[in-house]
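K.L.:
Just passing along the structure, written as structure tokens.
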Amino acid sequence: MNQFSYNFEPQATTEKNKTMKQRIITLIALLCAATGMISAQENLQRQAKTAEEQKTFTTVKELPITSIKNQWRSGTCWAYGTLGFFESEILRQTGRTYDLCEMFVVNKDYMDNATHYVRMHGFSQISEGGSCDDVLDVIRHHGICPEDAMPAPGSLVGDSLANFKVFFPELDSLVRTIVVKDAKAPKAHWQDSVQAVIDRYVGRCPDSFVYEGRTYTPQTFAASLGLNPDDYVSLTSYTHHPFREWCVIEAPYKWRLKPSYNIPIDELMAAIDAALDAGYTVAWGGDVTGDFTRTGTAELPDSIRPSQALRQEQWDDWRFTYDHVMLIYGKAVDEHGRPYYMVKNTWGKVGLYKGIWYMSRDYMTLNTTYIFLNRRALPKPLRRAVQYYP
């Protein structure tokens, strides 16, 4: 057929062929350009990954920490990160290593969260997330137990680590039925049904247990650790609250509404440095949604300079939020002498540094929501200012 067409309309066919060839050449050129762009992007990604893999750090200060844990499929970084902090505190004070039970904290805290929700007539947050203050309050009011005093995380749902994919939606749905619109009172005996769901998925908290040959209750075990709940304080830095006053951070996961002491960001960063230099670790709550890699580093692009104003701007327009808790336990510098903090994460032994992250000072300056630490680690003027915790 094509041959007949060529014979019948030789001139027209030639012109059409030229036009088609030009279109094909143009298409090929566009495809080559697109391929080149994709290749360039892939090359940049490879270069970035290679640069990160080749990045070297020199330790300036490193404090003892306990083993790296894995929160797995649960929104419990706040429990894992803060208990890691308290384990480091015990290690600092006594030289003893403990593995404290995250699921004990989760059990008690989720019940406290449900109670708060009901008392607020439903105008509150029900969430897997939490804060360092949650762990402190649980230890203060309920005590704590070692890891092996409760079922292993995930074991009650057939997983080897914590898995809340079924548990928390069920808990959330149940709690939201307790407060019915226009009701005169919450549903009767709601505490029993909520506690039953929590116990079924994470395990029942023990009334007593044996640890190293001695019998404890959660309260007596907590007392034996040498932790004084009154020693710990939270610091933050926002301009929508007055500096050098206590304020409540307006973040969904901080439902307990515990106050933090508000200071300028340079003073907050100085407090981190002073604590580490004095031998104290620091619990960190902040944002990991931006330039926080999955391979072991967190640093800002060269075009961004952290400042008090930029922190506030990103907080107000939700670019910067509060979504993670980890443990700062050291300082380092990279091959160019730029300062970083050594941070113990809660995602297991992953990444280039097996669960340890190197967070640049600039990244931490911009993305810190609050820090939580022993008030004795603070410089004296600041320590005096936070002496009376409201």
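The numbers here are math on the coordinates, done by the rules we state, and not lab data. Computed from a prediction, not measured in an experiment: that's the story for all the values here. Neighbour counts are summed over all protein chains in view; Cβ atoms, including those assigned to glycine, are modelled from backbone coordinates with ideal geometry.
K.L.:
Which pairs break 25 Å Cα to Cα here: K108/K165; K108/K349; K61/K254; K258/K349; K165/K254?
P.N.:
With Cα atoms farther than 25 Å apart: K108/K349; K61/K254; K258/K349.
K.L.:
Using a simple spin-label model with points 7 Å from Cα along the Cα→Cβ vector, what separation in nm is obtained for K165 and S127?
P.N.:
Taking the simple label geometry, K165 and S127 are separated by 2.3 nm.
K.L.:
Please list, by residue number, everything in the range 230-245 whose backbone N is under 19 Å from a paramagnetic label point 7 Å out along Cα→Cβ of Q308.
P.N.:
Counting only backbone N, you get 235-245.
K.L.:
Quickly estimate the mean residue ellipticity at 222 nm for the chain, helices only: each DSSP H run with n ≥ 4 gives -39500 (n - 2.57), and the total goes over all residues, rounded to 500.
P.N.:
Details: 12 runs with 164 residues, N = 390.
Rounded to the nearest 500, it is -13500 deg cm²/dmol.
K.L.:
In what sequence, highest mean first, do 269-278, 222-231 appear when ranked by Cβ atoms within 10 angstrom?
P.N.:
My ranking of the peptides, most packed first, is 269-278, 222-231.
K.L.:
Using the per-residue mean of other Cβ atoms lying within 10 Å as a proxy for protection, in what order, highest first, do the peptides 246-256, 302-312, 171-181 fall?
P.N.:
Going from most to least packed, we get 246-256, 171-181, 302-312.
K.L.:
Enumerate the calculated ³J(HN,Hα) couplings along the range 364-372 in order (Karplus 6.51 cos²θ - 1.76 cosθ + 1.60, θ = phi - 60°), each rounded to whole Hz, writing x wherever the residue is Gly or Pro.
P.N.:
Values per residue, Gly and Pro as x: 5, 4, 7, 10, 7, 7, 7, 10, 9 Hz.
K.L.:
Beta carbons within 10 angstrom, averaged per residue: use that to sort the peptides 341-347, 257-263, highest first. Walk me through the numbers before you get to the answer.
P.N.:
Details: 341-347: 23.9, 257-263: 19.9.
Ranking, from highest mean packing down: 341-347, 257-263.
K.L.:
Turning to a different aspect of this structure: Please list, ordered by chain and number, the residues whose modelled amide H lies under 5 Å from the amide H of C101; skip anything fewer than 5 residues away on the same chain.
P.N.:
Those qualifying (amide H under 5 Å, at least 5 residues apart or on another chain) are C145, E147.
K.L.:
I need the GluC sites (Glu not before Pro) found in the range 287-370, filtered to DSSP loop residues with at most 15 other beta carbons within 10 Å of theirs.
P.N.:
E335
K.L.:
Can you give the FRET efficiency for T295 and D230, using 1/(1 + (r/R0)^6), R0 = 30 Å, r = Cβ-Cβ distance, to the nearest 0.05? It would help to have the intermediate numbers written out before the result.
P.N.:
Working: r = 39 Å, r/R0 = 1.31.
Once rounded, the FRET efficiency stands at 0.15.
K.L.:
Measuring from centroid to centroid over Cα atoms, what is the spacing of the range 72-101 and the range 178-192 in Å?
P.N.:
36 Å
K.L.:
Follow-up. Between T239 and T56, what FRET efficiency comes out of the Förster formula 1/(1 + (r/R0)^6) with R0 = 22 Å and r the beta carbon distance, rounded to 0.05?
P.N.:
With a Förster radius of 22 Å, E is 0.05.
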